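The values are calculated or read from the model by the stated rules, or taken from the named source; none is laboratory data. Owing to the predicted nature of the structure, the values given are computational and were not obtained by experimental measurement. Here the Cβ is made from the backbone with ideal geometry for all residues, glycine too, and neighbour counts use every protein chain on show.
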Amino acid sequence: MQSALERGRATLEGFERIELELNGIRTVVHVRGTGEPVVFLHGGGTFTGFDYLRDWTKTHRVIVPYHPGFGESADDARIDSMQDYVLHYLDLFDALKLGRMSLVGYSFGGWMAAEIALVQQERLDKLVLVAPSGLVVRDPPSTDLLSLHPSEVMAHLTARPERLKPYLPEGHDLPFLTLRYRETKATARITWDHPSGNPKLERWLHRIRTPTLLVWGSGDRLRPLAHGEAWARLLPQARLSVHEGAGHLVLEEEPAASAEIGAFLAA
């Protein structure tokens, strides 16, 4: 019987696994498909895998790196700011010899993608931000996952917990707990002092003129829909798409969200 982590990793079956050494840190990347490159930056947890992006490989070369401190990549305690992750990914893009590409960021990875777009938009064809963190919105405020009791976390992540059940352990699962500890620790190094995000990000988003799709669940309890509306006001070329009833993990909950992103990328 597969463990919860094995079920999540099985979603990358058929992808080519590439291992790179970047600034002394082992970085693992999975690649599949042909066509124009799309880089996917995952959120603060990788346990659900990446099944939702498989259809994109029919039209694009989909590149899925694990951030340092997450998944199959090694830990790197030197990374303690979002700027460190931005520079790490610029090194990765160079190592993979990527020219123009599209960029998709999910939650924590959405914040990362937006910060990359601020300094590399000439490299980007399209930008997709799925329930991104990073933008400080005070009314209503975001919810800091690290402040929640463990029993509250799942209800804040998803409005449809049955969709996540295959990727959750049954009973005590040490590899699963170890992964979650590593990834929570890596996220906390970035968000501990600024749990709501980058207080200066609002000032600079006007510089991103890349065609942008914002994807949100109407029932997101971590980043309420008002945050999506704020992103849409601040990004000059953005369109907000709302999926009714979905929570923060909108790609896991709502297959139509992934299909919409695929159509946007292929258009």
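Residues of region 23-42 that are surrounded by 19 or more Cβ atoms within 10 Å (Cβ to Cβ), closer than 20 Å to Gly69 by Cα and not hydroxyl-bearing (Ser, Thr, Tyr): Val29, His30, Val39, Phe40, Leu41, His42. The conditions of being touching a Gly at 6+ places or on another chain (Cβ under 9 Å), hydrophobic (A, V, I, L, M, F, W, C) and either farther than 23 Å from Glu254 by Cα or not in a loop (DSSP other than H, G, I, E, B) (or both) are not met by Ala159. Taking Ser196, is it among the hydroxyl-bearing types (Ser, Thr, Tyr), surrounded by 14 or more Cβ atoms within 10 Å (Cβ to Cβ) and at pLDDT 95 or above? The answer is no for Ser196. For Gly45, are the conditions met, namely being closer than 30 Å to Glu244 by Cβ, in contact with a Ser or Thr (Cβ under 7 Å, 6 or more places away or on another chain), surrounded by 19 or more Cβ atoms within 10 Å (Cβ to Cβ) and not aromatic (Phe, Trp, Tyr)? Against the criterion (closer than 30 Å to Glu244 by Cβ, in contact with a Ser or Thr (Cβ under 7 Å, 6 or more places away or on another chain), surrounded by 19 or more Cβ atoms within 10 Å (Cβ to Cβ) and not aromatic (Phe, Trp, Tyr)), Gly45 does not qualify.
Ser142 meets the conditions (1) out of contact with any Gly (no Cβ under 8 Å at 6 or more places or on another chain); (2) under 29 Å from Pro236 (Cα atoms) in every case but one. The failed one is (1).
Of all positions in region 249-267, none carries a residue that is surrounded by fewer than 16 Cβ atoms within 10 Å (Cβ to Cβ), touching a helix residue (DSSP H, G or I) at 6+ places or on another chain (Cβ under 9 Å), of a type outside the set (A, V, I, L, M) and not in a helix (DSSP H, G or I).
Each residue in region 121-175 was checked for being surrounded by 14 or more Cβ atoms within 10 Å (Cβ to Cβ), out of contact with any helix residue (DSSP H, G or I) (no Cβ under 8 Å at 6 or more places or on another chain) and modelled with pLDDT under 85, and 0 of them qualify. Within region 218-225, identify whether any single residue is among the aliphatic types (A, V, I, L, M) and surrounded by fewer than 22 Cβ atoms within 10 Å (Cβ to Cβ), and answer yes or no. Yes: one or more hits. Scanning region 201-240 for residues that are among the basic types (Lys, Arg) and either free of Cβ contacts under 8 Å to residues at least 40 places away in the same chain or part of a helix (DSSP H, G or I) (or both) gives Arg203, Arg207, Arg233, Arg239. Within the set Val128, Val153, Val119, the sole residue that is without any contact (Cβ under 8 Å) to a residue 12 or more places away in the chain, over 22 Å from Ala10 (Cβ atoms) and outside any loop (DSSP other than H, G, I, E, B) turns out to be Val153. The listed residues are Gly105, Gly109, and the only one of them that is assigned to a strand (DSSP E or B) and surrounded by 18 or more Cβ atoms within 10 Å (Cβ to Cβ) turns out to be Gly105. Yes or no: region 178-192 includes at least one residue that is among the polar types (S, T, N, Q), modelled with pLDDT of 90 or more, crowded, with 17+ Cβ neighbours inside 10 Å and touching an Asp or Glu at 6+ places or on another chain (Cβ under 8 Å). Yes.
Put simply, of Ser107, Ser102 the only residue that is hydroxyl-bearing (Ser, Thr, Tyr), in contact (Cβ under 8 Å) with a residue 12 or more places away in the chain, out of contact with any strand residue (DSSP E or B) (no Cβ under 6 Å at 6 or more places or on another chain) and closer than 28 Å to Lys200 by Cα is Ser107. Looking at Gly134, is it under 19 Å from Asn198 (Cβ atoms) and touching a residue at least 60 places away in the same chain (Cβ under 8 Å)? Taking the combined requirement at face value, the residue satisfies it.
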